[in-house]
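Data first, discussion second: the structure below is written as structure tokens.
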Amino acid sequence: MLMPMKLDEETLRTSWTLVAHLKNVDDQENWQKFYDLYRGLILGVAMKAGLREDEALDVLQETMASVSKTIGEFETDSARGSFRAWLLKTARWRIQDQFRKRLPVAVNSDPSTDGTATRPSVERVADSREVDLEKICDEEWQKRLMEQARKELQLEVKAEHYQIFHLLTTEEKSVAEVANMVGRSPAQIYLVKHRVSQALKRIVKRLEKRFG
């Protein structure tokens, strides 16, 4: 089973320096770093799009191969667009390729005894036209962005306040339950939730500005 990649700030950021290094296809160290950074993102998008694990792995390998062939065409200038968007566009093409491979390649035109043609038995699969790959890419990226934001939030607010926020938003406990658990009044719980929510929004905006 595919294991999710451990998330840290590096999984959300590809520096322009690294992209420049990738233009040298013989730079194995930086290519390995690039692979490690984006492996989980590409696999996550592919599997959410409806591909099987083996197909998702093919998407990963084909995306990496395509990037190695075309990286020279990408201009390492943030003003011209993010590397992430360019990479995910490449991944979307490879995902569409996998959907096309699922289509039957031949039709048996020999008439059956009742005069009808027969088709090979094929798995009912999702059609890439029915899957909004761009939306899936955006959702996967936002998920990772929020995971990173929560990690930074944990470092910026008091431990007790983060615990209260976690109980309310992740464990979905009621204000009354949380108030009883931490020995605070409901009014105090509401205030903590508001303040921590505002802090999280500021962090998300900061990350969006930083990572694009």
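The values are calculated or read from the model by the stated rules, or taken from the named source; none is laboratory data. What you see is a predicted model, and the numbers here were worked out from it, not measured in a lab. Note that each Cβ is placed from the backbone with ideal geometry, even for glycine, and that neighbours are counted across all protein chains shown.
Does any residue in the range 50-62 that is more than 13 Å from Trp93 (Cα to Cα) come within less than 7 Å, Cβ to Cβ, of a residue that is at pLDDT 95 or above six or more places away or on a different chain, and which pairs are these?
Final answer for the pair search is Leu51/Val59.
Regarding Val45, is this residue modelled with pLDDT of 85 or more and within 23 Å of Glu208 (Cβ to Cβ)?
Values: modelled with pLDDT of 85 or more: yes; within 23 Å of Glu208 (Cβ to Cβ): yes.
Here the answer is yes, as Val45 does meet what is asked.
Could you check, for the range 3-10, whether at least one of its residues is charged (D, E, K, R), modelled with pLDDT under 90 and over 25 Å from Glu147 (Cβ atoms)?
Applying the first criterion (charged (D, E, K, R)) to the range 3-10 yields 6, 8-10.
Subsequent filtering for residues that are modelled with pLDDT under 90 retains 6, 8-10.
Then keep just the ones that are over 25 Å from Glu147 (Cβ atoms); that gives none.
No, the range 3-10 contains no residue that is charged (D, E, K, R), modelled with pLDDT under 90 and over 25 Å from Glu147 (Cβ atoms).
Could you give me the residue pairs with C-beta distances under 6 Å whose first residue belongs to the range 135-155 and is free of Cβ contacts under 8 Å to residues at least 40 places away in the same chain, whose second residue is in a helix (DSSP H, G or I) wherever it lies, and which are 6+ apart or on separate chains?
Final answer for the pair search is Gln154/Tyr162.
Give me a count of the residues in the range 12-38 that are hydrophobic (A, V, I, L, M, F, W, C), at pLDDT 80 or above and either surrounded by fewer than 18 Cβ atoms within 10 Å (Cβ to Cβ) or within 22 Å of Gln142 (Cβ to Cβ) (or both).
The number of residues fulfilling the criteria is 1.
Out of the range 39-78, which residues are surrounded by 13 or more Cβ atoms within 10 Å (Cβ to Cβ), basic (Lys, Arg) and farther than 20 Å from Trp141 by Cβ?
Listed by number, the list holds a single entry, Arg52.
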